[in-house]
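Laboratory data are not the source of any read-out in this text; all were calculated from the coordinates shown. The model shown is predicted, which means the values in this text are computed figures rather than measured ones. Here Cβ is always computed from backbone atoms with ideal geometry, including for glycine, and neighbour counts include all displayed protein chains.
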Amino acid sequence: MNQLIFISLSTLTIVSALFMVFSRKPMYSVLSLIFCFFTVAGHYILLNAQFLAITHVIVYAGAIMVLFLFVVMLLNLNTVADQIKTMGFRVAAMIGAGMLFLVLLASLKSTTLGTFSFPEDNGMGMVEHVGMRLFTDYLLPFEISSILFLSAMIGAVLLAKKEKR
Amino acid sequence: MSNSIDYVAILIQFSVAVGFVGVTLLTIRFAGPRRLTSDKLQSWESGIESVGNARFPFSIKYFLTAILFVMFDVEVIFMYPWAVNFKSLGMIGFVEMFLFIGTLLLGFGYIIKKGGLTWD
């Protein structure tokens, strides 16, 4: 049963991710990416990270995908963009993809094939525990993230707002 | 303590919701009569004549509003684990959150001052 849930969830994740990459229509790509995010949230629940799962759904599937949709709609989709197909671009893409492949291969070498079983739940991923850790041990990253928010807000306003003269 | 297997109910509910939409759409497609005339294929059959198509770039003002929404959306998520532990964290937790919200309020003040949310 555990194995079945894990395998079907993983299959859905990989298929939707592949559909996102290979789809020719940007809207279909975005929608399948949303689906992919939901299945990844399912993986988080399988790993007993409940708070992370619901945050993932709210932030990624909800908020970030709105931004993705907006970016797609900001582009002019009437004209097909001419793709860059120079020799240097192809070589660079080949080297980049090859390096990623090597990294994946190296990580695959060190893994051992096992069966999936649900990890024991000790309340690690529940919101109380995450909150306690966040506000005691990881206080500095939390406060720094507010600076990150501040810079993102200022950057967005600066880029998107016309200065009045 | 809950276990991952408890979430199967949510999974079932989710698939019922998705399945209902899918089955309805398929039923409409196969059960209903289809007469594809040019009038019937319009987006708003009895409404205003549509001009152009939907694939045109729109104003960045919408994007600015959306990205500012995302900022405050994520901020509220940080408040959730704080609110759950509000009593045990006590005064220190309050000060921590005050610093966080204060920094964000600074940004909010900047947005308001620059007119980021006004629609000119």
Global form of region A:94-146, assessed from the alpha-carbon gyration tensor, a/c cut-off 1.5
oblate
Shape of region B:4-114 from its Cα gyration tensor (a ≥ b ≥ c, root eigenvalues): rounded if a/c is under 1.5, otherwise prolate when a/b > b/c, or oblate?
oblate
Of B:47, B:109, B:32, the most mobile residue in a GNM of chain B (C-alpha springs, cutoff 10 Å) is B:32
Based on the Kirkwood radius over alpha-carbon pairs, what value in µm²/s does the Stokes-Einstein equation return for the translational diffusion coefficient of the protein assembly as shown at 4 °C and 1.567 mPa s?
55
Could you name the lysines in cross-link range of residue A:161, using Cα to Cα under 25 Å and dropping any fewer than eight places away on the same chain?
B:61, B:113, B:114
Using the Cα atoms as the points, what is the convex hull volume per residue of region A:1-79 in Å³?
66
Per-bin percent of Cα-Cα distances, region A:24-165 [10 Å]
9, 18, 30, 29, 12, 2, 0
Nearby lysines by direct alpha-carbon distance to residue A:85 (threshold 28 angstrom, same-chain neighbours under 8 apart not counted):
A:25
Return the calculated 222 nm mean residue ellipticity for chain A, to the nearest 500 deg cm²/dmol, obtained by summing -39500 (n - 2.57) across DSSP H runs with n ≥ 4 and dividing by the residue count.
-23000 deg cm²/dmol
Please report, to two decimal places, log10 I(q)/I(0) for region B:56-120 at q = 0.16, 0.17 Å⁻¹ as given by the Debye formula with identical point scatterers on the Cα atoms and no solvent.
-0.65, -0.70
Apply the a/c threshold of 1.5 to the C-alpha gyration tensor of region A:126-165 and tell me whether it is rounded, prolate or oblate.
prolate
Taking chain B as a Gaussian network, Cα atoms linked when under 10 Å apart, which of B:99, B:11, B:36 shows the biggest mean-square fluctuation?
B:11
Assuming 0.36 nm per residue, please report the length gained on full extension of the stretch residue A:69 to residue A:1 beyond their Cα-Cα distance.
20.8 nm
Applied in sequence order to region A:44-56, the curve 6.51 cos²θ - 1.76 cosθ + 1.60 (Karplus, θ = phi - 60°) yields integer Hz couplings, x standing for Gly and Pro, of 4, 5, 4, 8, 6, 10, 5, 5, 4, 4, 6, 5, 4
Let's test the formula: R0 of 30 Å, r as the Cβ-Cβ distance of residue A:47 and residue B:101. What FRET efficiency results, to the nearest 0.05?
0.45
Under the helix-only model (-39500 (n - 2.57) for each DSSP H run of 4 or more, divided by the residues of chain B), the mean residue ellipticity at 222 nm, to 500 deg cm²/dmol, is -23000 deg cm²/dmol
Which of A:117, A:29, A:146 moves most in a GNM of chain A, Cα contacts under 10 Å?
A:146
